[in-house]
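Just below is one structure, and these are the notes that go with it.
The values are calculated or read from the model by the stated rules, or taken from the named source; none is laboratory data. Keep in mind that this is a model prediction, so the values were computed, not measured. So basically every Cβ, Gly included, is an ideal-geometry build from the backbone, and we count neighbours across all protein chains shown. The protein model used for the area step is the full one, side chains on, heavy atoms only, and it has no ligands, DNA or RNA in it. Shrake-Rupley method; radii C 1.70, N 1.55, O 1.52, S 1.80 Å.
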Amino acid sequence: MKQWDAADEEGGRGRARSGRARRTPNQALRLLLAEAGWSGAQLAREVNALGAVQGTALHYDRTAVAHWLAGSRPRRPVPSLVAEALSRRLGRPVRERDTGLAVGGAAHDLAAPPGEGDAVERLDEVLPEIARRRAAFVGAYSLAALAIPYGQLTLLHGSSEHTRPPPAPAVPPGPRGRVGRDHVASAHELLALFSRGDAAFGAGPVYEPLRQYLSATVLPWLKGDMKPAVRRELLTVASRLTYLCAFTHFDMNHHAAAQRLYLTSVELAREAGDRIGYGIALRGLSVQAHALGHFAEAHHLAEQAVDVALRHAPPHQQAFFHGQLAVTLAGRGDVRHTRHLTAADRCLERSPSGDTPVGAFHAGSLALQRAATAASRGDRHAAARALDLSLRHRPADERRSRALSLAELAETQLAVGHLERACRTWHEFLDVHPRVHSARADDRVRLLTAKARPYSGNPLVAALLGRVREVRGR
């Protein structure tokens, strides 16, 4: 665990001593603590808890907070954790700069809403931070950042395919000349390639090459010279690539990085006037929030996605949006989820194909969401039937989804008392798992061990646990 001392303040011990007389008390943080009704010790506990969730071991106490109030500034990612803790307590967005702890401006302020600044600048900022692979540079997963102003949605409602696109930045053309539709076409081809690789092998082999492609190829194109129509098309495919990059980070449990990328995808789609891409990115944020247990935020984001994108999307993507809204409604105990599941079913009946690089959706996907809504209702038998149906409809090349669904089915079978059936399903999961590099799939191996261990006296379970040890050893 990380123990707080003066070296944790910006500038280290030496600067802390020499600059003590010049420090200005942090009145902004003091007022926020008063509004929250928290003591310094309570804030320290919340910061430590948030740090633990994102894998950053912290051990702050009231003494540390007293130093912050006196004018010292903790190193990253602590300012973002303080802002997030206060946002959750106060029920409104609190940005890093609001706490008086931001170091070097607000470049790391996740709570800055979409629409502030240029989307390409945001992409240029976030990609290098994520490349460093350190939570300190990326910040914390932030509920405050999910408060996307509704005005941004109405702006998108008012746009159309024929409205004037945003002007290209005043950047001279690169050495390869003007960016054209052939560049856009190649970006679409790479999007399809990365998407297939992610579905088949998990995010492990994909997320870093995809980030590098965005950084080294797409980003320079976005800064180049091009016709307005080409710029709109390039922004659209860049939004999809950024969404996929976000999802791969989500699959690797890099949640702060995934959130920043999702929010950047929102911005790129907004700047392109792309309602569908905007809705897809909002839905991604909803899926992530729901997976992390933030059900109210997940529902609000799913509603926004439906509001902005549904009527402009093809049928299979309409089902994609309806299905997530159904999951979030069921997560909050709202019976209206059945209406959206039925709507998703009807959309799939009208859809000739649900195979798109981003926003793909088919009968197996919908059955998985039926399983999620059944689980939220506590109907495990219905959840098991839906998971079995999902696996039967799941394409063979979607190995990661197959692995996760098999794990979920085995856990559900165990919960309803079908131990032998659960062991068979777990063995099927272990058949697929070695071919998938996904942190979420690895989590299911650990959960399998925890769920099965109480039954280790059963020969079937003992054999299963022995196989798990072999898999984890490899």
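For every residue, the table says whether it meets (1) touching a Gly at 6+ places or on another chain (Cβ under 7 Å); (2) open to solvent by 50 Å² or more (accessible area, probe 1.4 Å).
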site	(1), (2)
Ala410	no, no
Cys423	no, no
Ser438	yes, no
Val445	no, no
Pro454	no, yes
Gly457	no, yes
Arg467	no, yes
Glu470	no, yes
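Of all the listed residues (Ser186, Ser195, Ser265), the sole one being of a type in the set (S, T, N, Q) and touching a residue at least 40 places away in the same chain (Cβ under 8 Å) is Ser195. Scanning the range 425-436 for residues that are more than 21 Å from Met252 (Cα to Cα) and open to solvent by 20 Å² or more (accessible area, probe 1.4 Å) yields His427, Glu428. Residues in the range 64-98 that are open to solvent by 60 Å² or more (accessible area, probe 1.4 Å), part of a helix (DSSP H, G or I) and of a type outside the set (Lys, Arg): His67, Asp98. Kindly check whether there is at least one residue in the range 327-334 that is open to solvent by 50 Å² or more (accessible area, probe 1.4 Å) and modelled with pLDDT under 95. Looking for residues that are open to solvent by 50 Å² or more (accessible area, probe 1.4 Å) and modelled with pLDDT under 95, one finds at least one in the range 327-334, hence yes.
Residues that are in a helix (DSSP H, G or I), touching a Gly at 6+ places or on another chain (Cβ under 9 Å), modelled with pLDDT of 90 or more and open to solvent by less than 20 Å² (accessible area, probe 1.4 Å): does the range 52-61 have at least one? So far as the range 52-61 goes, no, none of its residues is in a helix (DSSP H, G or I), touching a Gly at 6+ places or on another chain (Cβ under 9 Å), modelled with pLDDT of 90 or more and open to solvent by less than 20 Å² (accessible area, probe 1.4 Å).
Those helices (runs of 4 or more DSSP H) of the range 355-459 in which at least 1 residues are touching a residue at least 60 places away in the same chain (Cβ under 8 Å) and not acidic (Asp, Glu), considering only elements entirely within it, cover 399-415, 439-452.
Residues that are open to solvent by less than 20 Å² (accessible area, probe 1.4 Å) and closer than 21 Å to Arg474 by Cα within the range 391-405 comprise Arg400, Ala403, listed in sequence order. In the range 2-24 there is at least one residue matching the filter, namely being buried (at least 17 other Cβ atoms within 10 Å of the Cβ), modelled with pLDDT under 90 and part of a helix (DSSP H, G or I). Counting residues in the range 293-313 that are more than 23 Å from the chain's Cα centre (by Cα), surrounded by fewer than 23 Cβ atoms within 10 Å (Cβ to Cβ) and either free of Cβ contacts under 8 Å to residues at least 24 places away in the same chain or at negative phi (or both) gives one or more. Among the residues of the range 225-240, just one is free of Cβ contacts under 8 Å to residues at least 60 places away in the same chain, open to solvent by 20 Å² or more (accessible area, probe 1.4 Å) and closer than 15 Å to Ser265 by Cβ, namely Thr236. Scan the range 34-51 residue by residue and report those that are open to solvent by less than 10 Å² (accessible area, probe 1.4 Å) and either at pLDDT 90 or above or hydroxyl-bearing (Ser, Thr, Tyr) (or both). Within the range 34-51, Ala36, Leu43, Ala44, Val47 meet the criteria. For the range 422-471, residues that are within 20 Å of Ser401 (Cα to Cα) and basic (Lys, Arg) total 5. Scanning the range 205-224 for residues that are of a type in the set (A, V, I, L, M), touching a residue at least 60 places away in the same chain (Cβ under 8 Å) and either surrounded by fewer than 18 Cβ atoms within 10 Å (Cβ to Cβ) or not in a helix (DSSP H, G or I) (or both) yields a total of 1.
Inspect all residues belonging to the range 269-282 and state whether any of them is surrounded by 24 or more Cβ atoms within 10 Å (Cβ to Cβ), modelled with pLDDT of 95 or more and assigned to a loop (DSSP other than H, G, I, E, B). Looking through the range 269-282, at least one residue is surrounded by 24 or more Cβ atoms within 10 Å (Cβ to Cβ), modelled with pLDDT of 95 or more and assigned to a loop (DSSP other than H, G, I, E, B).
Selection of the range 391-421 for residues being of a type in the set (S, T, N, Q) and under 16 Å from Ala441 (Cβ atoms) yields Ser401, Ser405.
Can you tell me which of (1) surrounded by fewer than 15 Cβ atoms within 10 Å (Cβ to Cβ); (2) among the charged types (D, E, K, R); (3) out of contact with any helix residue (DSSP H, G or I) (no Cβ under 6 Å at 6 or more places or on another chain) is the one Asp388 doesn't meet? Asp388 satisfies all of (1) surrounded by fewer than 15 Cβ atoms within 10 Å (Cβ to Cβ); (2) among the charged types (D, E, K, R); (3) out of contact with any helix residue (DSSP H, G or I) (no Cβ under 6 Å at 6 or more places or on another chain) except (1). For the structure I just gave you, tell me whether Thr248 is more than 30 Å from Ala298 (Cβ to Cβ), assigned to a helix (DSSP H, G or I) and touching a helix residue (DSSP H, G or I) at 6+ places or on another chain (Cβ under 9 Å). No, not satisfied. Residues in the range 227-242 that are closer than 13 Å to Asp274 by Cα and not hydrophobic (A, V, I, L, M, F, W, C): Arg231, Arg232, Glu233, Thr236, Ser239, Arg240.
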